[in-house]
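> Below you'll find the structure I mean.
The values are calculated or read from the model by the stated rules, or taken from the named source; none is laboratory data. Just so we're clear, the structure is a prediction, and the values are computed from it rather than from any experiment. Cβ: placed from backbone, ideal geometry, glycine included. Neighbour counts: every protein chain shown.
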Amino acid sequence: MATFRIAVIGGDGIGPEVIDETVRVLDKAGRHDGASFDWNQLPWSSTKFKQTGEMVPSDGWDLLARHDAILFGAVGLPDVPDQIPVHSLLLPMRRKFDQYVNLRPAFLFDGVTSPLANKAPGSIDMLVYRENTEGEYAPVGGRMYQGTDAEIAIQSNVFTRRGCERILRAAFGAARKRPRRKLTSITKSNAQAFGMVLWDECYNKVRAEFPDVQSSSLLVDAAAMDFVRKPESFDVVVASNLFGDILTDLSAMVAGTVGLASSANINPERTFPSMFEPVHGSAPDIAGKGIANPLAAILSGVLMLRHLGLEKSAQATHDAVVKVLKARAPRTPDLGGKDGTKDMSEAVLALV
């Protein structure tokens with residue numbers, strides 16, 4: 001029996017609640033491939049930061065690197081500035097472990113209602129490939145004359161040919177494997193004449209390597225409109241760090257709820273562990289109430305299983321989620337119901 005060592009960072013808010021249930025589901029699912037998991041629970045969180053002054057201990061990155069994957073809940077508390085957990089843990093992890101592919105699926109499941117009228121199950125089915133290590137979230141810039149009328153803040157975007165080309169190739173490769181073989185590149189080169197122009201040049205170079213994929217380029221403002229107006233027109237979408245971040249929250253909501261939004265932060269070369277997390281964040285307003293939807297975390301676990309090569313386990317878990325949603329019971333409040341976190345996870349467990 002193969003055993004995989006998984007680092008578990010529940011984090012803050014509802015993070016530990018949904019990750020604990022995901023661990024239970026994946027433990028059972030792994031049996032379909034004869035696999036087991038060695039879960040290493042790490043207490044890294046904003047709460048820990050308030051106690052110790054650090055999000056990650058001095059040997060933390062070396063410790064994480066010794067795992068096969070990372071299962072992550074969420075970080076963030078109202079009394080800790082958001083930039084602390086983000087710039088101390090999330091963004092450094094993506095860069096240190098070169099997790100340059102951020103994959104975020106959006107699918108309208110049977111039994112889930114889109115806020116958009118007359119959208120049939122499966123009509124919204126897109127994969128967003130977001131560049132995850134540079135772009136608008138690069139830590140380049142600074143502030144001067146703080147607290148005075150002359151205060152200056154400079155935030156620089158960083159686009160490299162290597163960074164643009166490798167995320168575009170990953171997205172084109174995924175599009176080639178899907179039935180529609182369609183890709184949309186998101187840009188804003190009409191206004192951002194340096195970074196986004198380089199992005200477009202890389203897109204035009206890479207698209208020539210994939211003549212079997214129907215591809216087009218779309219300005220981000222038009223894309224935001226079309227994610228609402230005609231989301232079914234999208235298949236694989238590839239975007240920069242900021243544009244991908246914003247558009248995927250929108251895609252999650254048109255597909256019914258952010259409570260189903262999964263994601264993977266992938267190092268395709270597997271030189272470092274990849275990280276898997278629900279998109280919804282720590283949601284401190286409902287933390288401790290036992291009503292958070294665990295399915296985004298469980299679906300993130302599906303992405304992790306696939307990354308580890310445990311396809312039978314992944315499919316069994318995905319199929320269980322599909323059946324629970326189609327049955328429309330149980331249902332957490334984000335899906336219009338009154339059931340709790342454990343009700344949802346128990347329903348999935350019964351079907352895995």
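> Write out, first by first residue and then by second, each pair whose Cβ atoms fall under 9 Å of each other, whose residues are 6+ apart or on separate chains, and whose first residue, in region 164-191, is assigned by TED's automatic domain parsing to the domain that holds T133 and on the phi > 0 side of the Ramachandran plot while the second is of a type in the set (V, I, T) and crowded, with 20+ Cβ neighbours inside 10 Å.
Final answer for the pair search is R181/V213; R181/V236.
> Output the residue which, of all residues in region 134-154 that are within 24 Å of the chain's Cα centre (by Cα) and surrounded by fewer than 18 Cβ atoms within 10 Å (Cβ to Cβ), is farthest from V321 (Cα to Cα).
Within region 134-154, the first condition is being within 24 Å of the chain's Cα centre (by Cα), and the residues that meet it are 134-140.
The next check asks that each one be surrounded by fewer than 18 Cβ atoms within 10 Å (Cβ to Cβ); those that pass are 139-140.
Numbers: P139: 38, V140: 41 Å.
Filtering region 134-154 for residues that are within 24 Å of the chain's Cα centre (by Cα) and surrounded by fewer than 18 Cβ atoms within 10 Å (Cβ to Cβ), the one farthest from V321 (Cα to Cα) comes out as V140.
> Hey, among the residues in region 162-217 that are out of contact with any strand residue (DSSP E or B) (no Cβ under 8 Å at 6 or more places or on another chain) and of a type in the set (V, I, T), which one's nearest to I266 (Cα to Cα)?
Only one residue tops the list, namely V206.
> Test I154 against the stated conditions and say whether it is assigned by TED's automatic domain parsing to the domain that holds V237, closer than 30 Å to G256 by Cβ and in a strand (DSSP E or B). Walk me through it before giving the result.
Details: assigned by TED's automatic domain parsing to the domain that holds V237: yes; closer than 30 Å to G256 by Cβ: no; in a strand (DSSP E or B): yes.
Considered against the rule, which asks whether it is assigned by TED's automatic domain parsing to the domain that holds V237, closer than 30 Å to G256 by Cβ and in a strand (DSSP E or B), I154 comes out as no.
> Residues to consider are D79, D98, D110; find the one that is charged (D, E, K, R), under 22 Å from the mean Cα position of the chain (by Cα) and under 26 Å from N293 (Cα atoms).
On the way: D79 fails: under 22 Å from the mean Cα position of the chain (by Cα); D98 fails: under 26 Å from N293 (Cα atoms).
Testing whether each residue is charged (D, E, K, R), under 22 Å from the mean Cα position of the chain (by Cα) and under 26 Å from N293 (Cα atoms) leaves just D110.
> Quick one: R181 ticks every box in (1) within 20 Å of the chain's Cα centre (by Cα); (2) charged (D, E, K, R); (3) surrounded by fewer than 18 Cβ atoms within 10 Å (Cβ to Cβ) except a single one, so which number is it?
Looking at each condition in turn, R181 falls short on (1).
> For K289, work out the one condition from (1) under 30 Å from I6 (Cβ atoms); (2) of a type outside the set (D, E); (3) under 23 Å from the mean Cα position of the chain (by Cα); (4) not in a strand (DSSP E or B) it doesn't fulfil.
If we test K289 against (1) under 30 Å from I6 (Cβ atoms); (2) of a type outside the set (D, E); (3) under 23 Å from the mean Cα position of the chain (by Cα); (4) not in a strand (DSSP E or B), just (3) comes out false.
> So, of the residues in region 296-338 that are touching a Gly at 6+ places or on another chain (Cβ under 6 Å) and more than 19 Å from G122 (Cα to Cα), which turns out to be surrounded by the most Cβ atoms within 10 Å (Cβ to Cβ)? Lay out the reasoning, then the answer.
The initial filter retains those residues of region 296-338 that are touching a Gly at 6+ places or on another chain (Cβ under 6 Å), namely 296, 313, 325-326, 328, 331, 334.
Filter once more, keeping what is more than 19 Å from G122 (Cα to Cα): 313, 331, 334.
On the way: S313: 25, R331: 20, D334: 19.
Among them, the one singled out is S313.
> If only one of L305, L250, L299 is over 14 Å from the mean Cα position of the chain (by Cα) and at pLDDT 95 or above, which one is it? If you could, list the steps in order and put the result at the bottom.
Values: L250 fails: over 14 Å from the mean Cα position of the chain (by Cα); L299 fails: over 14 Å from the mean Cα position of the chain (by Cα).
Going through L305, L250, L299 in turn, the sole match is L305.
> Here's a follow-up. List pairs: first in region 241-266 and touching a residue at least 60 places away in the same chain (Cβ under 8 Å), second acidic (D, E), Cβ under 6 Å, 6+ apart or cross-chain?
Matching pairs, first to second residue: N241/E131; N241/E136; L242/E136; T257/D334; G259/D334; S263/E277.
> Looking at A69, A65, A29 in this structure, which one is of a type in the set (G, A, S), more than 24 Å from A252 (Cβ to Cβ) and in contact (Cβ under 8 Å) with a residue 24 or more places away in the chain? Quick ask: steps written out before the conclusion?
Details: A69 fails: more than 24 Å from A252 (Cβ to Cβ); A29 fails: more than 24 Å from A252 (Cβ to Cβ).
From the options A69, A65, A29, the qualifying one is A65.
> If you don't mind, another one. Just to check your reading of the model, which residue among E131, E201 is within 20 Å of the chain's Cα centre (by Cα) and outside the structural domain of A261 (by TED's automatic domain parsing)? Let's see the steps before the verdict.
Working: E201 fails: within 20 Å of the chain's Cα centre (by Cα).
Of E131, E201, the one residue that is within 20 Å of the chain's Cα centre (by Cα) and outside the structural domain of A261 (by TED's automatic domain parsing) is E131.
> How many residues does region 63-111 contain that are among the β-branched types (V, I, T) and either in a loop (DSSP other than H, G, I, E, B) or buried (at least 21 other Cβ atoms within 10 Å of the Cβ) (or both)?
Restricting attention to region 63-111, the residues satisfying the condition of being among the β-branched types (V, I, T) are 70, 75, 80, 84, 86, 101.
Going one step further and asking which of them are either in a loop (DSSP other than H, G, I, E, B) or buried (at least 21 other Cβ atoms within 10 Å of the Cβ) (or both), we end up with 70, 75, 80, 101.
Within region 63-111, residues that are among the β-branched types (V, I, T) and either in a loop (DSSP other than H, G, I, E, B) or buried (at least 21 other Cβ atoms within 10 Å of the Cβ) (or both) number 4.
> Kindly indicate whether any position in region 34-44 is crowded, with 21+ Cβ neighbours inside 10 Å and not aromatic (F, W, Y).
no
> Moving to a separate point now. Across region 47-56, what is the number of residues that are in contact with a helix residue (DSSP H, G or I) (Cβ under 8 Å, 6 or more places away or on another chain) and either assigned to a loop (DSSP other than H, G, I, E, B) or at pLDDT 95 or above (or both)? Before you say what the answer is, go through the steps one by one.
Residues of region 47-56 that are in contact with a helix residue (DSSP H, G or I) (Cβ under 8 Å, 6 or more places away or on another chain), as a first pass: 49, 54-56.
If we keep only those that are either assigned to a loop (DSSP other than H, G, I, E, B) or at pLDDT 95 or above (or both) too, we end up with 54-56.
Here the count works out to 3.
> Could you please let me know if I167 is outside any strand (DSSP E or B) and not basic (K, R)?
Yes, satisfied.
> Name the single residue that is surrounded by the fewest Cβ atoms within 10 Å (Cβ to Cβ) among those in region 5-26 being out of contact with any helix residue (DSSP H, G or I) (no Cβ under 7 Å at 6 or more places or on another chain) and more than 23 Å from T332 (Cα to Cα).
First pass over region 5-26, keeping only residues out of contact with any helix residue (DSSP H, G or I) (no Cβ under 7 Å at 6 or more places or on another chain): 5-6, 9, 11, 13-16, 20, 23.
Still in the running and more than 23 Å from T332 (Cα to Cα): 5-6, 9.
Values: R5: 13, I6: 22, I9: 26.
Among those residues, the one meeting the criterion is R5.
> Let me ask something additional. Is it fair to say A69 is within 20 Å of the chain's Cα centre (by Cα), more than 22 Å from Y137 (Cα to Cα) and among the aliphatic types (A, V, I, L, M)? Explain how you work it out, then say what you get.
Working: within 20 Å of the chain's Cα centre (by Cα): yes; more than 22 Å from Y137 (Cα to Cα): yes; among the aliphatic types (A, V, I, L, M): yes.
Answer is yes for this residue.
> Do you know which residues across region 11-44 are assigned to a loop (DSSP other than H, G, I, E, B), within 20 Å of the chain's Cα centre (by Cα) and at positive phi?
G13
Every residue, every condition in (1) assigned by TED's automatic domain parsing to the domain that holds L91; (2) within 22 Å of N132 (Cα to Cα); (3) surrounded by fewer than 23 Cβ atoms within 10 Å (Cβ to Cβ), yes or no:
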| position | (1), (2), (3) |
| --- | --- |
| F243 | no, yes, no |
| F272 | yes, yes, yes |
| M275 | yes, yes, no |
| P278 | yes, yes, no |
